[in-house]
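The values are calculated or read from the model by the stated rules, or taken from the named source; none is laboratory data. If you're wondering where the values come from, they're calculated on a predicted model, not measured in any experiment. All Cβ positions, glycine included, derive from the backbone under ideal geometry; neighbour counts span all protein chains shown.
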Amino acid sequence: MNILRLLNLLTLLSLFSMIAIAQQNNSIKGKVLTADGQAAAYVSVGLKGKGMAVTTDDQGDYSFEKIKNGNYIIRVSAIGLKSAERAITVSGNQTVIVNFSLSESADQLKEVVVSGNKRKYKIDAPSSSLRLDGPLLEAPQNIQIITSATLADQQITSMSDGALRNVSGLTRLEHWGDIYTRVNTRGARAAAFRNGINLTSDWGPLTEDMSFVDHIEFVKGPSGFMMSNGEPSGIYNVVTKKPTGKDFNGEASFTLGSYDMYRSTLDLDGKLNQSGKLLYRLNLMGQTKNSHRPYEYNDRYSIAPVVSYQIDDQTLLTAEYNYQHVKLSDLGSAYVFAPDGFATLPRDFTMSEPGLEPSIAKEHSLFLNMQHHFNANWKLTAQLAYVDFNQKSTDIWPSSVAANGDIIRDLYIFDAALNYKFGQVFLNGHATTGSVSHRILAGLDVGSKERYYDWGQTSPLDDAIKPFNIYNPVYGAPVNGIPQFDRSKSLYQRGANNRVDQSYTGLYLQDELGFLENKIRLTLAGRYTYVKQSEYNTDTEDKRFTPRVGLSVSINNQTSVYGLFDQTFIPQTGAIKSGEQPKPITGNNIEFGIKKDWFDGRWNTTIAAYRILKNNELSPDPTSTPAAPFSLQLGQSTTKGIEFDLRGEILPGLNLVANYALTDSRVSKETEVYGEVIPVGTKITGYAKHNANAWLSYKIQTGTLKGAGISGGFSYLADRSSWSWGGSGTQEMPSYFKLDGGFFWEKDKVRLTANAFNILDKYLYSGASYGDYYYWQTEAPRNFRLSITYKF
């Protein structure tokens, strides 16, 4: 009953606020000039403490329409500028003109825009697809964003290619040939979103190529405003590139690297008609790449066109299509197995074979987005999405590993088809009741995820008479030859018994109440979710209400402290040997943190402490195989940790991303599995207790070497927990340290970037114990990349 009263109260507040807004039609307009009287284009103008901001146009003009009566502080700012503020009062349906003159000249401002806005490592507000209509500094949660400049400086090509170093506490599991990316944070898997749509599944869709990605948003902990049927560890949201509205803008790049890597990208951005209402963005990419292991390769291309149409002053329609195609070697080619411990074989060792058919993965995705502004305070967003993924592949896995190194390699068929459909609509609004401001979010999400898998055909490459010996390998002539799998039936027929289908409906309502001129913000929210699921011929359904309560307090204009309580649940997919259906995870997160902008917002720090409690968590069964991927169901686990993130421009030309996370995830209720008791205090799989990263970039600002720079960084993981239960007496993975770095040079429209990875040439790997043998995957030894980029 209390929950229903809360929802009713929030609904009434929203209705009263909309009525009050409809009766007010004030506006604020003005022009921003430089010290020498030139227009200050692309400068941020905001209403301080209201979560509203616009950018000046080419003529330096800005405007806020349909503003409610009240007192405001207008703030003009940009990285590298001295901020300017002006206090005003608006009432009686009037238009208030407020002009600004900056202390910088036009030339100085141009340099600020280029070096600050285009090269920033820091973003102050999330994308609209994350739904939070306000600055990150005010959000009662740890949210970190990897910018496009960061991705370019580090020459990151996909989500699997080093992106995770830029956010505290992230680790990557199950490499799978760089076609899937599994990201773990806070002791569990983070849900994978693209443009606000939840694409998470066990295998597929494809990991995003960075050629069509603008930035990546990480939300730590449950994210009730995005979903409630998901892991309480968090989500990441990949935001793709959209048209910017410029007359014509483009970028072409070419990269070459070690192991025969050749990569080209083209990014075109412009107008399709003279009025500028019809815009486009087109991103193309082609890449070929081999590996430090023989018989291993990954060739891919992508096509990503986007068209947007400004129907009128209030309504924007955007259509986006992404196509990704990957041709690669056997999915299991990176896996190495041995009976006597980790890293006992050469770094370039492989269990794969020449002559195996290539694996092919294709993904089509379509997004249709409509944004309608009722006025300056209320915006409605509606989105439809469709994703089709198809994979034809194989996977090598051993059926036995002997103490003398003899292995019987089985080749499995591994075909998959995924068909996803989504719809969502949400309303963002700002309103006032008396002295209390309201930042309101209401939304509806519906989705359907249908997946088919075929891993039911297996053929041994070797036999007991002529096994494959890891200490004396012979390639090219397996005793049983290379099998040809039967694909005469469609995958939907072959995978009928391995079908997973999930549909869900979610309703969400949130009100962020602002007190004392929005210095204190109380978030009250709730989400009702209904999930229906069919997995391996077993049907389940669940419905839950999950509350969310947050408090954020601004100590001053650049410092806030926050606390959060959030809940989530997730019906789990997985097979348990006993035949039982996995129970849904239920989890909650308690989190506290401090956020601070430094030196007028040039850089930011976040410190967060949290505790996540999860019930019924699944963990990989060490006795499973790709053909029978069983899981273990645990009782309860508790994850605690501290996170620190720093990002931004420390000094002119000096940009830094640095982070550290202390994570501890353990069983908190005794569990019995196969007659063996897993005691309280046992470590949960899939994280590193200590995780530290940094990336520093310095660009020379003046003199003969102006435009040249150097960059570098490291990743360090200690006390690593593998992704599978190893059992007592098994080896632990050692600490991990990777050093990367290079140099760059840019002048006018040209940029050269060169980086070396794994500079210390360390034997780097991740893996797990599988009972009486070990598996691991090695990373490349020291390798290099050189890129040239031309902007036009």
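Contact annotation: residue pairs with Cβ atoms under 6 Å, 6 or more positions apart or on different chains, pairing a residue in the range 489-517 that is more than 30 Å from residue 557 (Cα to Cα) with a partner that is part of a loop (DSSP other than H, G, I, E, B), are 500/573.
Considering the range 506-560 alone, what residues qualify as being among the acidic types (Asp, Glu), surrounded by 15 or more Cβ atoms within 10 Å (Cβ to Cβ) and either assigned to a strand (DSSP E or B) or within 25 Å of the chain's Cα centre (by Cα) (or both)? Of everything in the range 506-560, those that are among the acidic types (Asp, Glu), surrounded by 15 or more Cβ atoms within 10 Å (Cβ to Cβ) and either assigned to a strand (DSSP E or B) or within 25 Å of the chain's Cα centre (by Cα) (or both) turn out to be 511, 512, 535, 542. Of the strands (runs of 3 or more DSSP E) lying entirely inside the range 638-678, the ones with 3 or more residues being at negative phi, at pLDDT 90 or above and hydroxyl-bearing (Ser, Thr, Tyr) are found at 654-669. Only a single criterion out of (1) within 24 Å of residue 693 (Cβ to Cβ); (2) in contact (Cβ under 8 Å) with a residue 60 or more places away in the chain; (3) surrounded by fewer than 19 Cβ atoms within 10 Å (Cβ to Cβ) is not satisfied by residue 753, namely (3). Taking the condition within 20 Å of residue 163 (Cβ to Cβ) and either assigned to a loop (DSSP other than H, G, I, E, B) or in contact (Cβ under 8 Å) with a residue 60 or more places away in the chain (or both), does residue 263 pass? Against the criterion (within 20 Å of residue 163 (Cβ to Cβ) and either assigned to a loop (DSSP other than H, G, I, E, B) or in contact (Cβ under 8 Å) with a residue 60 or more places away in the chain (or both)), residue 263 qualifies. Scanning the range 379-395 for residues that are surrounded by fewer than 22 Cβ atoms within 10 Å (Cβ to Cβ) and farther than 16 Å from residue 423 by Cα turns up 379, 390, 392. Condition check for residue 376 on (1) in contact with a helix residue (DSSP H, G or I) (Cβ under 7 Å, 6 or more places away or on another chain); (2) surrounded by 19 or more Cβ atoms within 10 Å (Cβ to Cβ); (3) at pLDDT below 95; (4) farther than 21 Å from residue 294 by Cβ: one failure, at (1). Against the criterion of being surrounded by fewer than 20 Cβ atoms within 10 Å (Cβ to Cβ), at negative phi and either touching a helix residue (DSSP H, G or I) at 6+ places or on another chain (Cβ under 9 Å) or aromatic (Phe, Trp, Tyr) (or both), residue 309 qualifies.
Can you find a residue in the range 458-471 that is under 24 Å from residue 379 (Cβ atoms) and out of contact with any helix residue (DSSP H, G or I) (no Cβ under 8 Å at 6 or more places or on another chain)? Looking for residues that are under 24 Å from residue 379 (Cβ atoms) and out of contact with any helix residue (DSSP H, G or I) (no Cβ under 8 Å at 6 or more places or on another chain), one finds none in the range 458-471, hence no. Taken over the range 298-333, the criterion of being in contact with a Pro (Cβ under 8 Å, 6 or more places away or on another chain) and under 29 Å from residue 349 (Cβ atoms) is satisfied by 327, 328, 329, 332. Restricting attention to the range 177-208 and to residues that are of a type in the set (Asp, Glu) and surrounded by fewer than 24 Cβ atoms within 10 Å (Cβ to Cβ), the residue that is modelled with the lowest pLDDT turns out to be 202. On inspection, residue 367 does not qualify as surrounded by 22 or more Cβ atoms within 10 Å (Cβ to Cβ), part of a loop (DSSP other than H, G, I, E, B) and of a type in the set (Phe, Trp, Tyr). Only one of the numbered conditions (1) among the charged types (D, E, K, R); (2) over 23 Å from residue 396 (Cβ atoms); (3) out of contact with any Leu (no Cβ under 7 Å at 6 or more places or on another chain) is violated by residue 738, and that is (3). In the range 338-350, the residues that are among the charged types (D, E, K, R) form Cβ pairs under 8 Å with partners that are not in a loop (DSSP other than H, G, I, E, B), at six or more places apart or across chains, as follows: 340/774; 347/778; 348/778.
The rows are residues; the columns are (1) surrounded by 14 or more Cβ atoms within 10 Å (Cβ to Cβ); (2) in contact with a Phe, Trp or Tyr (Cβ under 7 Å, 6 or more places away or on another chain).
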| site | (1), (2) |
| --- | --- |
| 431 | yes, no |
| 442 | yes, yes |
| 445 | yes, no |
| 454 | yes, no |
| 457 | yes, yes |
| 465 | no, no |
| 471 | no, no |
| 477 | no, no |
| 482 | yes, no |
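When 168, 160 are screened for being surrounded by fewer than 23 Cβ atoms within 10 Å (Cβ to Cβ), part of a loop (DSSP other than H, G, I, E, B) and small (Gly, Ala, Ser), only 160 passes.
Here 744, 714 are screened, and the one residue that is farther than 30 Å from residue 344 by Cβ and under 27 Å from the mean Cα position of the chain (by Cα) is 744. Restricted to strands (runs of 3 or more DSSP E) entirely inside the range 271-349, those with at least 3 residues that are in contact with a strand residue (DSSP E or B) (Cβ under 7 Å, 6 or more places away or on another chain) and closer than 23 Å to residue 239 by Cα are 278-288, 298-310, 315-328. If you check residue 699 against the conditions, is it surrounded by 17 or more Cβ atoms within 10 Å (Cβ to Cβ), at pLDDT below 85 and either of a type in the set (D, E, K, R) or within 17 Å of residue 650 (Cβ to Cβ) (or both)? Answer is no for this residue.
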